[in-house]
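Take a look at the structure set out below.
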Amino acid sequence: MAPAFWSYAAIGPVAEGAFWLLAHSLPALAFPPSAGNISASDNTEALRRFGRDPLTIKDTRIDAAWGLLALMDTASTRLAGCCAPPTLVLQGARDRVVPPSVTRAALRGMRPGTRLARYPEGWHLLLRDGIRDTVAQDILAWMENPSAPLPSGADAAGAAGSRSRSDGALVKGLPQARSRLASTISRQMRSGVAPCSGWL
C-alpha cells in the first residue's frame, strides 16, 4: 500500500544534494502538506479530515523529511532480501507522491513472485480514494488466497503493464520524476518554501 520506494538513487544527485544542504543548514524549516501542489487522494473530504485532525502533522520539518528519505533508501536497498512471497504491491496509477515509475523500478529488485496490483483510478491513499471499496475487497481476497486472481483484475493490469515494458522502459519515468523534483526544489527555494513535499 503506497510503498515508500523513494531512495537516493531514485531522486538523483542534484535533488539529494539540495535536500542534504537544507536538512543540515535549516533543519527546523518546515513545509505544509499543500507545498508542491501534490494531492494524495481524489477524496477531498478525507484530506479535509486529515487537516482537521489534531494528531495529524500539519507542517513537516526538513530534517524529519531527510530522515524519512534515509529510512526509505535503506529499505529500498534491502528489497532483494526481504518480502518473501507471497507479496502484493498495490499501486495507484495517478499517484504523484510515489510515481508508478518509481514503484516499477523498485519491483525489479524484489524477489520473483511479487505481484503488482495496478489501479488506473487510484492515487496515493488507496484506502481513502474513490476506489477504496474495490481495493479493500482485493486485499481481503488476497489474504484469503494469495495465489488467486484479484476480484478487480488489478493484478492482471499490473502484470500486463510490467510485461509491456523492457528493463530500460521500466525506469523511463525516473528522469521525468527527477526533473520535476529538481524544478520543485528550485522553485520552492526561490519562494522560501522547503522542497520535497512532491514526493514524500
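Computed values, structure above
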quantity	calculated
Count - residues of the stretch 118-156 that are crowded, with 16+ Cβ neighbours inside 10 Å and touching a Phe, Trp or Tyr at 6+ places or on another chain (Cβ under 8 Å)	8
Any hit, the stretch 11-22, residues being modelled with pLDDT under 90, under 22 Å from Arg128 (Cα atoms) and within 19 Å of the chain's Cα centre (by Cα)	no
Evaluation of Phe50 against (1) more than 29 Å from Gly130 (Cα to Cα); (2) of a type in the set (Phe, Trp, Tyr); (3) without any contact (Cβ under 8 Å) to a residue 40 or more places away in the chain (one fails), failing number	(1)
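Yes/no per residue for (1) buried (at least 17 other Cβ atoms within 10 Å of the Cβ); (2) more than 17 Å from Arg96 (Cβ to Cβ); (3) of a type in the set (Gly, Ala, Ser):
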residue	(1), (2), (3)
Gly17	no, yes, yes
Ser25	no, yes, yes
Leu29	yes, yes, no
Asp59	no, yes, no
Gly67	no, yes, yes
Ala70	no, yes, yes
Thr74	no, yes, no
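The values are calculated or read from the model by the stated rules, or taken from the named source; none is laboratory data. All values reported here derive from a predicted model rather than from experimental measurement. Positions of Cβ are backbone-derived with ideal geometry, glycine not excepted, and every protein chain shown enters the neighbour counts.
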